[in-house]
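The block underneath contains the structure these notes are about, expressed in C-alpha coordinates.
The values are calculated or read from the model by the stated rules, or taken from the named source; none is laboratory data. The model shown is predicted, which means the values in this text are computed figures rather than measured ones. Cβ atoms come from the backbone with ideal geometry, glycine included; neighbour counts cover every protein chain shown. Just so you know, the surface numbers come from the protein's heavy atoms only, side chains and all, with ligands and any DNA or RNA stripped out. Shrake-Rupley method; radii C 1.70, N 1.55, O 1.52, S 1.80 Å.
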Amino acid sequence: MVKLRTSSLKIGRVVNQILSNILPTYPIIAEKGTQYPFAVYRRTGLQTANTKDIYNTVEYATVEIIVAATTYNESLKYAQDVKVHLENQRGFSESAKEEDIKITDVFLTSASEDFVNDAYIQYMTFVIHIEGEHGYR
(Lines give C-alpha, C1' and ligand atoms only; values in the text may rest on other atoms or scores of the structure.)
Protein backbone atom coordinates (compact mmCIF):
# COMPACT_ATOMS: atom_id res chain seq x y z
CA MET A 1 0.00 0.00 0.00
CA VAL A 2 1.32 3.43 -0.96
CA LYS A 3 1.07 5.94 1.87
CA LEU A 4 -0.36 9.39 1.23
CA ARG A 5 2.01 12.32 1.57
CA THR A 6 1.59 13.92 4.97
CA SER A 7 2.33 17.43 6.16
CA SER A 8 3.53 19.11 9.32
CA LEU A 9 0.14 20.80 9.30
CA LYS A 10 -1.03 17.46 10.69
CA ILE A 11 1.18 17.64 13.79
CA GLY A 12 -2.06 17.31 15.76
CA ARG A 13 -2.06 13.65 14.71
CA VAL A 14 1.13 13.16 16.73
CA VAL A 15 -0.10 15.18 19.70
CA ASN A 16 -3.35 13.22 19.76
CA GLN A 17 -1.50 9.87 19.68
CA ILE A 18 0.61 10.89 22.67
CA LEU A 19 -2.04 12.60 24.79
CA SER A 20 -4.83 10.06 24.25
CA ASN A 21 -2.67 7.55 26.16
CA ILE A 22 -2.82 9.90 29.16
CA LEU A 23 -6.39 11.29 29.16
CA PRO A 24 -9.29 11.96 26.76
CA THR A 25 -8.02 14.38 24.11
CA TYR A 26 -9.79 16.61 21.57
CA PRO A 27 -8.64 18.87 18.74
CA ILE A 28 -9.54 22.56 19.22
CA ILE A 29 -12.61 22.06 21.48
CA ALA A 30 -13.97 19.31 23.72
CA GLU A 31 -17.28 17.76 22.82
CA LYS A 32 -20.27 19.20 24.66
CA GLY A 33 -20.85 17.40 27.96
CA THR A 34 -17.30 16.04 28.19
CA GLN A 35 -16.41 15.05 31.75
CA TYR A 36 -13.20 16.19 33.44
CA PRO A 37 -10.33 15.48 33.15
CA PHE A 38 -9.53 16.04 29.47
CA ALA A 39 -7.08 17.82 27.19
CA VAL A 40 -7.59 20.04 24.17
CA TYR A 41 -4.88 20.88 21.65
CA ARG A 42 -4.53 23.24 18.71
CA ARG A 43 -1.75 24.25 16.35
CA THR A 44 -1.20 27.99 16.66
CA GLY A 45 1.78 28.43 14.39
CA LEU A 46 4.05 26.83 11.84
CA GLN A 47 7.38 28.26 10.75
CA THR A 48 9.67 26.76 8.12
CA ALA A 49 13.41 26.99 7.60
CA ASN A 50 14.27 26.69 3.92
CA THR A 51 17.56 26.38 2.08
CA LYS A 52 18.59 28.64 -0.80
CA ASP A 53 17.08 26.01 -3.11
CA ILE A 54 13.76 26.38 -1.29
CA TYR A 55 13.97 22.92 0.25
CA ASN A 56 12.23 22.75 3.56
CA THR A 57 14.78 21.40 6.06
CA VAL A 58 13.04 21.93 9.39
CA GLU A 59 9.70 23.23 10.60
CA TYR A 60 8.66 24.55 13.98
CA ALA A 61 5.05 23.86 14.98
CA THR A 62 3.63 25.77 17.93
CA VAL A 63 0.95 23.79 19.73
CA GLU A 64 -1.19 24.90 22.66
CA ILE A 65 -2.46 22.25 25.04
CA ILE A 66 -5.10 22.86 27.67
CA VAL A 67 -5.66 20.40 30.51
CA ALA A 68 -8.95 20.69 32.42
CA ALA A 69 -9.64 18.86 35.69
CA THR A 70 -11.92 19.02 38.74
CA THR A 71 -9.12 19.63 41.27
CA TYR A 72 -5.98 21.72 41.16
CA ASN A 73 -3.72 18.78 42.01
CA GLU A 74 -5.31 16.64 39.31
CA SER A 75 -4.77 19.41 36.74
CA LEU A 76 -1.09 19.62 37.73
CA LYS A 77 -0.66 15.85 37.59
CA TYR A 78 -2.06 15.61 34.05
CA ALA A 79 -0.16 18.72 32.91
CA GLN A 80 3.07 17.16 34.17
CA ASP A 81 2.24 13.88 32.39
CA VAL A 82 1.62 15.78 29.16
CA LYS A 83 4.87 17.72 29.55
CA VAL A 84 6.98 14.62 30.21
CA HIS A 85 5.46 12.59 27.38
CA LEU A 86 5.74 15.39 24.80
CA GLU A 87 9.25 16.50 25.76
CA ASN A 88 10.47 12.91 25.44
CA GLN A 89 8.97 12.46 21.97
CA ARG A 90 11.62 11.87 19.32
CA GLY A 91 11.69 10.03 16.03
CA PHE A 92 8.94 9.01 13.69
CA SER A 93 5.24 9.18 14.32
CA GLU A 94 3.87 6.41 12.17
CA SER A 95 0.53 6.24 10.43
CA ALA A 96 -0.87 3.34 8.43
CA LYS A 97 -2.29 5.68 5.79
CA GLU A 98 0.15 8.60 5.64
CA GLU A 99 3.89 9.18 5.55
CA ASP A 100 5.63 9.50 8.90
CA ILE A 101 6.22 12.78 10.70
CA LYS A 102 9.74 12.94 12.17
CA ILE A 103 10.07 14.91 15.40
CA THR A 104 13.57 16.02 16.33
CA ASP A 105 12.83 18.02 19.50
CA VAL A 106 10.03 19.39 21.69
CA PHE A 107 10.21 22.37 24.08
CA LEU A 108 7.73 23.79 26.57
CA THR A 109 7.85 27.54 25.95
CA SER A 110 5.16 28.81 28.31
CA ALA A 111 2.67 27.68 30.92
CA SER A 112 -0.09 29.35 32.92
CA GLU A 113 -3.13 28.33 34.92
CA ASP A 114 -6.67 29.46 35.60
CA PHE A 115 -10.04 28.46 37.03
CA VAL A 116 -12.82 28.52 34.42
CA ASN A 117 -16.33 26.98 34.42
CA ASP A 118 -15.71 25.06 37.65
CA ALA A 119 -12.50 23.53 36.29
CA TYR A 120 -8.82 23.99 37.06
CA ILE A 121 -7.06 24.76 33.80
CA GLN A 122 -3.40 24.33 32.86
CA TYR A 123 -2.34 26.09 29.65
CA MET A 124 0.89 24.94 27.99
CA THR A 125 2.58 26.00 24.77
CA PHE A 126 5.08 23.72 23.06
CA VAL A 127 7.33 24.19 20.05
CA ILE A 128 7.80 20.97 18.13
CA HIS A 129 10.76 20.68 15.74
CA ILE A 130 9.83 18.60 12.71
CA GLU A 131 12.19 17.32 10.03
CA GLY A 132 11.18 19.15 6.87
CA GLU A 133 9.49 17.84 3.77
CA HIS A 134 12.68 17.53 1.70
CA GLY A 135 12.32 18.29 -1.94
CA TYR A 136 8.71 19.49 -1.77
CA ARG A 137 7.83 23.02 -2.72
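Listed values, structure above:
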item: Flag for A30 being in contact with a helix residue (DSSP H, G or I) (Cβ under 7 Å, 6 or more places away or on another chain) and modelled with pLDDT of 90 or more; result: no
item: A61 vs. criteria open to solvent by less than 30 Å² (accessible area, probe 1.4 Å), closer than 16 Å to A119 by Cα and either at pLDDT 90 or above or in a strand (DSSP E or B) (or both); result: no
item: Test: Q122 is open to solvent by 60 Å² or more (accessible area, probe 1.4 Å) and either modelled with pLDDT of 95 or more or aliphatic (A, V, I, L, M) (or both); result: no
